[in-house]
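Before any comments, here is the structure.
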């Protein structure tokens, strides 16, 4: 129990924050929101996987990645490929020139399924691909950069360039990827209708439990010796290196963990929303994920979730009235947070929350004195 309490929940303070978040997304939102709005919240929470991963990578590891959309997209495309193959059975595609292949392949005059699509007929392979492919890709990028001590702004720019390259590749290879439209018309998962209301509720709760699990994994990493080394590397990398540790391996490891978390979010996005496109892979979504993390607090796993929800709720509400101005507002909000509240929402609570806590404690004492002592006095008088 002590292991769970201290390492997975982060002690009394961490457990309180975790339970409040769990109650909010598992009880309050499902009770108070209709299915359409709840599905929107589920979509927002898929972005929170990437925001939480950036807390580990950027907040504690000191490595800013502007390419988390890469891994979010890889996970999403892997799931979309499986769902698209199931929706492209010979019976469903009988009107095509080549039945049994996705419709966009038929439009681009492909006559057979490409070899790298074939394994995605298996759900087991797809789940493994969601977990392994982004992690391996992150390892290749990380090893190429960190082993040569490339970091800081140079690493951020390189990850941004990789996101651009991947986006261009997806758009350009329309016959294999669906191009700019992405992979759409996803209907069933092993014969189960994923567009039904019951499926949307199930995917929402599955998404929530996976997110809470990712937060617990992050807490475990941060409370371990590796977590303390992450902070040491962020503040005094040379000292850690001179102490005999291989800093590059630690950076590669946390980069791979961050990629894995983002990929899970991408796969859940495909299930929640029902499609995947290159618009969720490139520079803009990657920068938005950084903003989610910064607004919530780049040193707080739970704060990153609140930051994601706040920004996306604001985006939905504001863009309905001023769709062209939303990006300017989000950019201005990011600049304001960096300048005045560098630790985000979590930092504001840490700096000023004790005033509210003190007042609540005083109110509790006053209520106890006023209502708790009175019955005792009456009982004594009666005797």
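Some notes on this structure:
- Between the helical axis of 11-23 and the longest alpha-carbon principal axis of the chain there is an angle of about 60 degrees.
- Separation of segment 117-142 from segment 219-257 is 26 Å, based on Cα centroids.
- Peptides 31-39, 244-252, 145-153 ordered by average Cβ neighbours within 10 Å, highest first: 244-252, 145-153, 31-39
- Segment 156-208 and segment 278-324: distance between their alpha carbon centers, rounded to Å: 19 Å
- Each helix, a run of at least 4 DSSP H residues, gives -39500 (n - 2.57); summed and divided by the residues of the chain, these come to -23000 deg cm²/dmol at 222 nm.
- Once the Cα atoms are used to define both axes, helix 225-235 deviates from the longest principal axis of the chain by about 90 degrees.
- Degrees separating the helix 301-321 axis from the principal Cα axis of the chain, which is the longest one: 70 degrees
- Of the labelled figures [x] 69, 50, 37; [y] 95, 58, 46; [z] 61, 55, 44, only one reflects Cα extents along the principal axes in Å as derived from the coordinates, namely [y].
- Stretched out straight at 0.36 nm per residue, the stretch from residue 371 to residue 321 would grow longer than its current Cα-Cα span by 13.0 nm.
- Sorting 112, 288 from the fewest to the most surrounding beta carbons within 10 angstrom yields 112, 288.
- Fraction of the pair-distance distribution of segment 1-144 above 26 Å, Cα-Cα pairs, percent: 52 percent
- Note on the chain: GNM, Cα springs under 10 Å; of 243, 53, 224, the largest mean-square fluctuation is that of 243.
Read the figures in this text as sums done on the coordinates, not as results from a lab. Model, not experiment: these values are computed from the prediction. Methodologically, a virtual Cβ is constructed for each residue, glycine included, from the backbone with ideal geometry; neighbour enumeration extends over all protein chains shown.
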